[in-house]
1. Which residue, chosen from 156, 204, 179, occupies the Cα position most advanced towards the positive end of the dipole of region 125-210, where the dipole is computed from +1 (Lys, Arg) and -1 (Asp, Glu) charges on Cβ about the Cα centre?
2. Order 70-80, 194-204 from most to least packed using the mean count of other Cβ atoms within 10 Å.
3. I need the phi-derived Karplus couplings for region 117-132: 6.51 cos²θ - 1.76 cosθ + 1.60, θ = phi - 60°, integer Hz, Gly and Pro marked x.
4. Test of the criteria: in region 100-171, which chymotrypsin sites (Phe, Trp or Tyr not before Pro) are in a DSSP loop and have at most 15 other Cβ atoms within 10 angstrom of their Cβ?
5. Taking loop as defined by DSSP and a crowding limit of 13 other beta carbons within 10 Å, which GluC sites (Glu not before Pro) in region 89-194 fit?
6. Under 8 Å for C-alpha pairs, at least 6 residues apart: give me the relative contact order for region 53-210, rounded to a whole percent.
7. If the limit is 27 Å between Cα atoms, which of 45/167; 97/188; 47/188; 47/167; 138/206; 47/138 go over it?
Amino acid sequence: MRQLLTNIFRERFYLVIKHSITGIICLLRGITNSGINVFISPRAKIKGGNRIRLGDNVLIERDVMLIAGEPNSFIEIGNGTWLFYHCLLSTSGGWIKIGSNCTVNSFAVLYGHGGLEIGNGVRISAHVVIVPMNHIYKNREIPIYMQGEIRKGIKIEDDVWIGAGAKILDGVKIGRGSVIGAGAVVTKDIPPYTIAVGVPARVIKKRGSK
């Protein structure tokens, strides 16, 4: 019994220490809401840490940039999600929510203008760009930058794989289990469990079909 109690105490002590170390690391970067076993590279760049929420076992590699600069913006990253070096997440007046067990690979750029929701188990390859916003440009007499923006938002459901260099544009929903081919430009909704390629992206077949 004494040995059992000793082992329980030791395990809880190590857990408290581990959580404390993670908390200190996050607090030093201004992040006040984080889980346990979080790794943030000293070379990562964080802005608006008090508006960033990290789950357990999150990895943030060197030269990643997390920017949540506006008062009503936030970035939320789920358990077990990894952000690889040189990727950028910027709320740009909106918000970004990434689920659990996702990967965002090198040089990917994710904006949050009109809201970006990413489900669980999503694979985002290198150099992907996701932009939930469009400029208004109808009036030729007014400079584009003065005509405002349309912000509909983007939703990417669970178990999606987005190939290298793909572009996801505002107002689209990518259905669960879909695959977006490398270099594709997604301008409209993609049904679940389909494969879409091209510019603009079009569905060529369902997953599992010949």
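None of the figures in this text is laboratory data; all of them are computed from the coordinates on show. Computed from a predicted structure; not experimentally measured. We place every Cβ from the backbone using ideal geometry, glycine too, and count neighbours over all the protein chains shown.
1. Sorting the options by dipole projection puts first 204.
2. 70-80, 194-204
3. Whole-Hz 3J(HN,Hα) from phi for region 117-132: 10, 10, x, 8, x, 8, 10, 10, 7, 4, 6, 5, 10, 10, 10, x.
4. Working: sites: 107, 111, 137, 145, 161; in loops: 107, 137.
In loop regions of region 100-171 (DSSP not H, G, I, E or B), the sparsely surrounded chymotrypsin sites (Phe, Trp or Tyr not before Pro) are 137.
5. On the way: sites: 117, 141, 149, 157; in loops: 141, 157.
Hits after loop and neighbour filter: 141.
6. On the way: 503 pairs, mean separation 21.6, N = 158.
Over region 53-210, the number comes to 14 percent.
7. Flagged as over cut-off: 47/188; 138/206; 47/138.
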